[in-house]
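Undergrad: Attaching a single structure in structure tokens format; questions to follow.
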């Protein structure tokens, strides 16, 4: 079942076309990765899909409904949540409190009942706390529940941000570089968790630079370069695509040229 349908999305900034005519779909339980060199338009695409940016053209369909002009909080209530490349964690709150915030954003409680601390409110708070602890247990953060979030390692904070997004019971989850800045062990933990989430039926849209991780867990890959979709398909198909190879080899060659120049300067200085 198709949960997310992206059709011909495009946006320009000051006359510069950042993303042009990009489309793809994501089904329940599927991991779709969006990859490309730096500046390819990946995060801009994410921002349009999640309601942060309003596209100039194209549309976003969530479970058959056009949600192109919906704001992020409305999309979250409808079942689309996301994480960000830069952590959006409440550093001074506890780990548990960060997850509980996610539940409170999702629930439709009565303000008066909350202010009066009625029995129903206390019962609901206890239930939310129990659910939050269950989510933390899934990522092995339950023992850190009462710690201040700012004291966690970077990898743990990445897992916490994913858990908070899960508190809103998403059907589609957008993950923007969930393994960025993580070491090898933390990356393995995160990609195993993502695969586990997809197995529960959540549609996953992933932006990630770790190609080993992308190739390992993705069902489908969309490749962007300079805002254009240049390829899409299964991991083995994408890895053999000449346009994809050219886009990435160009980046590698440029980096190698810079390194060669540095090596030459060091050698000249040593001789002098």
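Undergrad: Where in region 1-108 are the helices (runs of 4 or more DSSP H), entirely inside, with at least 1 residues that are under 22 Å from residue 244 (Cβ atoms)?
TA: Working: elements: 42-49, 72-78, 95-106.
Correct list: 42-49.
Undergrad: Among the residues that make up region 138-145, is at least one of them out of contact with any helix residue (DSSP H, G or I) (no Cβ under 6 Å at 6 or more places or on another chain) and over 30 Å from residue 27 (Cα atoms)?
TA: yes
Undergrad: What single numbered condition from (1) modelled with pLDDT under 90; (2) in the same structural domain as residue 29 (by TED's automatic domain parsing) fails to hold for residue 140?
TA: (2)
Condition check ((1) assigned by TED's automatic domain parsing to the domain that holds residue 136; (2) within 15 Å of residue 223 (Cβ to Cβ); (3) at pLDDT 95 or above) across all residues:
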position: 14; (1), (2), (3): no, no, no
position: 23; (1), (2), (3): no, yes, yes
position: 27; (1), (2), (3): no, no, yes
position: 32; (1), (2), (3): no, yes, yes
position: 37; (1), (2), (3): no, yes, no
position: 40; (1), (2), (3): no, yes, no
position: 58; (1), (2), (3): no, no, yes
position: 95; (1), (2), (3): yes, no, no
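Undergrad: While we're here: How many residues are surrounded by fewer than 23 Cβ atoms within 10 Å (Cβ to Cβ) and out of contact with any helix residue (DSSP H, G or I) (no Cβ under 7 Å at 6 or more places or on another chain) if we restrict to region 203-215?
TA: Of the residues in that region, 4 qualify.
Undergrad: Run down 31, 49 and say which single residue is in contact (Cβ under 8 Å) with a residue 24 or more places away in the chain and in contact with a helix residue (DSSP H, G or I) (Cβ under 8 Å, 6 or more places away or on another chain).
TA: Details: 49 fails: in contact with a helix residue (DSSP H, G or I) (Cβ under 8 Å, 6 or more places away or on another chain).
One residue alone meets the criteria, 31.
The values are calculated or read from the model by the stated rules, or taken from the named source; none is laboratory data. Here the structure is a predicted model, which is why all the values come from computation and not from measurement. Don't worry about glycine lacking a Cβ; one is built from the backbone with ideal geometry, like all the others, and counts go over all protein chains shown.
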